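Novice: Submitted below is the structure of interest, expressed as structure tokens.
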Amino acid sequence: MSVLTIWTTGWGIFLTFYQHLFLKEMLGAKYRYTYLWFYMGSWLYGHMNAWFDIVGTAWGNMIYLCVCAFTLNTLLFHGSVIKRGFFTLWMYGIQEVASGIFYQLFMVAVDLTGREDCLDMVLNAVNLMTGLVLFFMMEVLKRKLHLLKRDFEDRDGLYLMCIITFICVAVSMTPMTFEEVNNWDARYIHTVVIPSGLIVIGGEMLNVYSVIMLERRLVERLAKQQYQILGEHLEVLKEQYEQLMKIRHDMKNHSLCLAQLLEKGNVEGTRRYLKQWNTVIEEGETVIRTGSIFADSLLNPKYQQAKKLGIDISIQMSVPSEELVAPVDLCCLLANALDNAIEACQRGITAGYPAGWIQIKSQIHAKYWVFEISNSTYLPVKSHEGRFLSSKQIPVSGIGLQNIKTIVEQYEGVLDLKNETCFVLNAMFPLP
């Protein structure tokens with residue numbers, strides 16, 4: 001066995017392991033030890049065609065591999081039919097396209113050098129180069145779709161599947177046409193290699209560009225939502241500042257009124273006046289103090305809103321400094337989490353149930369920050385494929401939870417959601 005054969009065999013094992021990690025990260029595994037089952041299944045259906053000669057054409061081989069891989073991925077991984085189909089086609093479509101063009105290139109080299117005894121080496125080299133292309137494309141997809149992951153929409157999968165299918169058909173049509181016209185005449189072989197190569201390069205660039213545009217679209221949407229939350233936050237700060245300036249401006253007049261009441265000996269009137277004045281001051285009082293002016297200015301109005309609805313709300317929080325967690329991310333996390341909790345309690349009130357309760361707790365430890373919010377749920381929260389759905393009229397996954405997931409992933413944290421007797425959101429952020 002040659003060194004190249006040993007190398008390509010080891011590379012094949014590594015590539016299978018990486019394909020498993022890729023699918024596990026993008027879709028989520030159903031069972032433990034999925035790599036063992038994934039490797040055994042891939043090896044089995046990969047060799048069955050050679051043993052039983054099931055298909056004999058390139059297109060037939062690709063369809064056979066895609067069907068077998070899709071069946072295996074359905075058994076081992078989560079995700080919708082379209083998502084599993086897209087990732088299966090992504091891996092085998094790219095392999096088939098790359099294999100076709102590299103095979104043609106290496107065969108041209110063999111024909112030009114007259115080394116027809118090197119066919120085994122050519123096949124090993126083609127497998128190695130195809131694996132490198134697949135590895136690169138999976139890295140592109142994994143890095144660019146990091147924000148999407150399980151929130152990768154089915155329509156995006158369909159869109160990319162159409163592109164991949166078009167590229168595969170275009171690449172396969174060129175050598176088929178050449179074979180019909182020139183019967184693989186070596187004198188004209190460059191006329192098929194050059195257009196096939198250009199189609200492959202253009203097609204892979206189109207694939208990468210499409211993925212980049214999908215990521216950019218999501219980032220822009222999340223950025224708009226975050227800045228909208230920040231704008232609302234600044235409006236709250238502005239209202240609080242204006243209220244404070246109004247109280248300070250009226251302080252002198254209040255003092256004069258109290259002095260006149262005391263001079264006239266009107267103790268009861270003074271008592272009523274002070275009571276009314278304290279009520280006005282309490283409305284603008286900061287009840288929640290977390291150590292962050294941004295968090296305080298967001299939580300206090302939300303706290304007052306919940307109290308007015310009759311919700312029993314408890315907030316015991318400490319938050320990291322601005323150097324550890326950016327204020328816009330902190331406010332986005334708190335606003336989305338608290339809005340979802342208040343909305344859940346409001347749904348219960350509308351349905352005739354008691355107002356319910358909300359509890360928020362967070363602690364800063366030596367190496368991580370733990371944030372937890374829980375709320376009563378009288379009505380079940382709908383879910384689909386492990387995602388909780390919005391209660392809005394549009395049946396999509398909750399944007400608030402998507403924003404929270406994005407922030408947690410951005411800081412490489414851990415998010416845990418529970419929906420049993422109550423809804424619990426627990427997030428842990430590592431701190432440097």
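The values are calculated or read from the model by the stated rules, or taken from the named source; none is laboratory data. Keep in mind the model is a prediction, meaning the values are calculated, not measured. Side chains are part of the model used for accessible areas, which takes the heavy atoms of the whole protein and leaves out ligands, DNA and RNA. Shrake-Rupley method; radii C 1.70, N 1.55, O 1.52, S 1.80 Å.
Novice: Quick query: amide H of K30 versus all other amide H atoms, modeled in the peptide plane; which residues come in under 5 Å with a sequence gap of 5 or more or a different chain?
Specialist: F77, H78
Novice: Kindly flag which residue pairs out of K275/K308; K308/K405; K30/K302 have an alpha-carbon separation exceeding 27 Å in this structure.
Specialist: In this structure, K308/K405; K30/K302 exceed 27 Å between Cα atoms.
Novice: On a full-extension model of 0.36 nm per residue, what is the gain between E409 and V67, subtracting their alpha-carbon distance, rounded to one decimal in nm?
Specialist: Working: separation 342, 0.36 × 342 = 123.12 nm, distance 3.28 nm.
In short, 119.8 nm is gained.
Novice: Another question about this same structure. How would V319, V81 rank on accessible area, largest to smallest, probe 1.4 Å?
Specialist: Numbers: V319 15, V81 90 Å².
Heavy-atom accessible area, descending, gives V81, V319.
Novice: Tell me, what is the 1.4 Å probe accessible area of T16, in Å² to the nearest 10?
Specialist: Roll a 1.4 Å probe over it and T16 shows about 20 Å².
Novice: Further question: Using a 1.4 angstrom probe on the protein heavy atoms only, could you order W90, W11, W43, W51 from most to least accessible area?
Specialist: Numbers: W90 0, W11 35, W43 115, W51 140 Å².
Greatest to least solvent exposure: W51, W43, W11, W90.
Novice: Over the heavy atoms of T57, what accessible area does a 1.4 Å probe trace out, to the nearest 10 Å²?
Specialist: Accessible area, nearest 10 Å²: 90 Å².
Novice: Further question: Please list, ordered by chain and number, the residues whose modelled amide H lies under 5 Å from the amide H of N266; skip anything fewer than 5 residues away on the same chain.
Specialist: Amide H neighbours of N266: none.
Novice: Here's a follow-up. What ranking of H47, H20 comes out by heavy-atom accessible area, probe 1.4 Å, highest first?
Specialist: Solvent-accessible surface, decreasing: H47, H20.
Novice: Ok, one more. Near the amide H of I315, under 5 Å away, which other amide H atoms are found, from residues 5 or more places off or on another chain, if H is placed in the peptide plane?
Specialist: I360
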